[in-house]
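Note sheet for the following structure.
The values are calculated or read from the model by the stated rules, or taken from the named source; none is laboratory data. In this text, all values refer to a predicted model and were calculated from it rather than measured experimentally. Neighbour counts are summed over all protein chains in view; Cβ atoms, including those assigned to glycine, are modelled from backbone coordinates with ideal geometry. Heavy atoms of the whole protein, side chains included, go into the accessibility calculation; ligands, DNA and RNA do not. Shrake-Rupley method; radii C 1.70, N 1.55, O 1.52, S 1.80 Å.
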Amino acid sequence: MVSRNETILIVEDDPQIRNFISYSLKQEGFRYFTASTGQSALSNLVSEKIDLLLLDLGLPDLDGMEIIKRVREWSEMPIIVVSARDQDKEKAEALDSGADDYLTKPFSATELMARIRVAIRHLHREGGNKQQSKAGVGDLMIDFDKHLVYLEEAELHTTPMEYSLLSLFFRNIGKVLTTKYIIKEVYGVGYGPDTQALRTLTASLRRKIEKNPAKPRYILTEIGVGYRLSDE
Amino acid sequence: MIAAHPEEEKMDTLKNKISGNDPYCVLITITMIASATSIGLLFRAISFPEANIVIVYLLSVLITARITRGYVYGIAGSVIATFAFNYFFTKPYYTFSVNDPTYIITFAIMTVTAFITSALTSEAKQNAMEAQEKEAETSALFQLMNRLTDAADMSEIAGITTETISKTINCRAACLCFDENGRPEQSFIQQQSTGKQVRRKVHDASEITDSIEGLRTAFAIGEEFYDWPIYGRETILGILRIPKETAIVMSEPNKRFLRSVIESTALAMDRFRSAQQQQRSREEIEQERYRSNLLRAISHDLRTPLAGIMGTGEVLMDMTCKDDPKYSLVQGIYKDADWLYSLVENILSLTRLRDGKLAIAKQPEAAEEVIGGAVNLMIKRYPKYEIKVRVPEELLIVPMDAKLIEQVLVNLLDNAIKHSPSDSEICVSAVKEENNAVFTVLDSGNGISVSDLPNIFKMFYTARPEEGDSQRGIGLGLTICEAIINAHGGSIEGHNRTDRQGAEFVFKLQMEGSKDGQQK
């Protein structure tokens, strides 16, 4: 059993789900606290040193969105949201409010652990050197200083917009970015809600970096929510 | 109730004006002239000057004009008075001849004076009468509006209108209401007598509708009734029926009154209808909220424990060695929970789709992204299978609800995997054909048996695999696919491959017309 330093807070009202998550976390060597209500979650967040928050959106007392907003007032800790399948709107809203990732019920423990590892890695990367000059996933590499992209060691030509989109993904490896957020970051605030341009841009970028754009290895589509740069 | 007397009196006057002949008025005229003559004879007996007699005659004409209706009696009176004066009071008496020619002037002046007097009097009376009529009409209308405001339903409105019309025009008026689809109701209300209304069956509904539809004048002429349509803001609300014999002789003021009544009735009916509609939509919203709350509660209450069972099962499997008999037991629990979960999801989706309540939020989406999303899910679920994906080089933008189309692809791929050995090839592709995006899911399994082919999209129909129920289908997957594609206005079909063994499912979505979808 690996021992880790991170402490995770599980906020989930169903005891069975709470149990198996706790067990899996223990197996992975994480320390954890559990809370079954929003109120106890908030008091735990204040009294303990929590590194990552695992939050069920459907809590009996508080709206999950409310908890995200309150946490974001004082902390940058990764937040992974758990929700039911037909709550796309809530998912996107949670991500826009500051959540880092989401999982849909029923989720497998393996999947959950993978997501938690990504979030923790993300946390360390940001905590360590904020001004990193290079980042890479698989055969894809980006040099932030030189504004260059490499695929399998070879320099890849990208348009300024494609670079801008790709660098946004590389600054948020593994994190789900909502369409709304990407448009705001890449096209600017005044651009409006037109997703068509973003789809076209993503398609052209995929045609450059993916072997098969409909079976992407790097830029994954989260239907109804947004995109994510794969971390594996 | 409407005050009866002024109306009835008015009705008499209206009738008299039309007929222009009333024994009562003739009697008055004769009586007045006779009285004047008697007084004149009395005056002559006591030797009053003749001028007084002339004045008495003028007075009698004036009174005649005042009491009788119309100009006729006044004018007749003045002529008769002159002749009477000539007959009784000028020498030679009791003849129409005159000895003194100056009397001719007296006659002329007397006639003219009587004429003018009677004309003025009649006109004043006429004006007063008209004013009275108008006032009565106004008050009748006012009362009608007052009563219509309190009416609780369409037939009550019709009843009140019928009663008012019947009283004012003195006939047995009727009113036929139309339903919300613009079709006449089964029966109409008719006034039988004061305070008594009957319902009569409509025999010629289609005839009535036809005659009203083709109407260019204010009313339609039927066998028993003249029909005045009552139009609302959008549709016809009913017709007002006046018996033929009354309608033919109806005067201008009566028609005017009728139009006002129809207008007020239309307003009242319109108001009632819109209130009714508001009420109904409020109820619908309420029901819809109740439904979605219920669905939400059910789905939450079923999904949460199933997610718990599945997660725990997975953890237990991880803890158990694969050779341990416990492993397969736990795996059984996991699979059953998974199956149950899919069933719950499918039933929920289908309930929403079947009701037509599931809002299809069409947005331009990239076909490759939706396929990619579905394939990604399947790879996670079945890592052993190889799924090939083919999309055109050109980006295919299709208006759709991406989440639902993803579900269609997942269901089709799931089907393909269930009916294929693990090393066989499964292929999903999208191409553009004219104005359609055509999605295809191919497998190289056993294909669909001939007996199953016509039933594959039917609810709860599952093909019976030879190996028993080890891989039970849910029997809803394809039904849901069909419902989703239909909701998108597309088409879906399934058949066996012609090039080799295996099944092929194809669905088409329209590429243009996204504007329609968005506007909805």
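Numbers at a glance
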item: Relative contact order for chain B, counting Cα pairs under 8 Å that sit 6 or more residues apart, in percent; result: 8
item: Length gained when the stretch B:Glu386-B:Ala487 is fully extended (0.36 nm per residue, less Cα-Cα span); result: 33.3 nm
item: Using a Förster distance of 22 Å, the FRET efficiency for B:Lys91-B:Ile116 (Cβ separation, nearest 0.05); result: 0.20
item: Largest-first ordering by accessible area, 1.4 Å probe, given options B:Lys403, A:Lys69, B:Lys335; result: B:Lys335, A:Lys69, B:Lys403
item: Rounded percent of accessible protein surface that carbon and sulfur make up, chain A, 1.4 Å probe; result: 49
item: DSSP beta bridges in the protein assembly as shown [antiparallel fraction, %, rounded to 5]; result: 75
item: Charge dipole magnitude, Cβ of K and R +1, D and E -1 - chain B, Cα centre, debye nearest 20; result: 2020
item: B:Ile248-A:Tyr191 pseudo-label distance in nm [points 7 Å out on the Cα-to-Cβ vector]; result: 8.1
item: Shape of the protein assembly as shown, Cα gyration tensor, a/c cut at 1.5; result: prolate
item: Magnitude of the charge dipole, region B:4-138, Cβ model with Lys/Arg +1 and Asp/Glu -1, debye to 20; result: 480
item: Accessible surface ranking that places the most exposed of A:His122, B:His203, A:His147 first, with a 1.4 angstrom probe; result: B:His203, A:His147, A:His122
item: Residue-level accessible surface for B:Ile248, protein heavy atoms, 1.4 Å, Å²; result: 110
item: Links that overshoot a 32 Å alpha carbon limit, given the list A:Lys208/B:Lys335; A:Lys146/B:Lys432; A:Lys134/A:Lys211; A:Lys146/A:Lys180; A:Lys49/B:Lys403; result: A:Lys208/B:Lys335; A:Lys146/B:Lys432; A:Lys49/B:Lys403
item: Solvent-accessible area buried by A and B, counting both chains, probe 1.4 angstrom, square angstrom; result: 3100
item: Label-zone membership for region A:84-119, site B:Asp318, 7 angstrom Cα→C-beta point, backbone N under 18 Å; result: A:102-119
item: Region A:134-229: relative contact order in percent, alpha carbon pairs under 8 Å with at least 6 residues between; result: 25
item: Modelled FRET efficiency - R0 25 Å, B:Gln126 with B:Arg259, Cβ distances, 0.05 increments; result: 0.60
item: Solvent exposure of the protein assembly as shown as accessible area per residue, Å², 1.4 Å probe; result: 51
item: Where labels lie 7 Å past Cα in the beta-carbon direction, separation of B:Thr31 and A:Asp61 in nm; result: 9.8
item: Partners for B:Lys322 among aspartates and glutamates (Cα-Cα distance below 19 Å; same-chain residues under 8 apart left out); result: B:Glu314, B:Asp336
item: Gain upon complete extension [A:Ala154, A:Lys184; 0.36 nm per residue less C-alpha separation]; result: 7.8 nm
item: ³J(HN,Hα) computed for each position of region B:165-180 - Karplus, 6.51 cos²θ - 1.76 cosθ + 1.60, integer Hz, glycine/proline x; result: 4, 4, 5, 6, 9, 6, 8, 9, 5, 9, 9, 10, 8, 9, 7, 5
item: Estimated FRET transfer efficiency when R0 is 60 angstrom, pair B:Asn52-B:Glu283 (beta carbons, to 0.05); result: 0.10
item: Mean residue ellipticity (222 nm) of the protein assembly as shown, computed from DSSP H runs ≥ 4 via -39,500 (n - 2.57), nearest 500; result: -18000 deg cm²/dmol
item: Shape call, region B:121-274: gyration tensor on alpha carbons, a/c limit 1.5; result: prolate
item: Contact order relative to length of chain A, as percent, for alpha carbon pairs under 8 angstrom and 6 or more apart; result: 14
item: Whole-percent carbon and sulfur share, accessible surface of chain B, 1.4 Å; result: 56
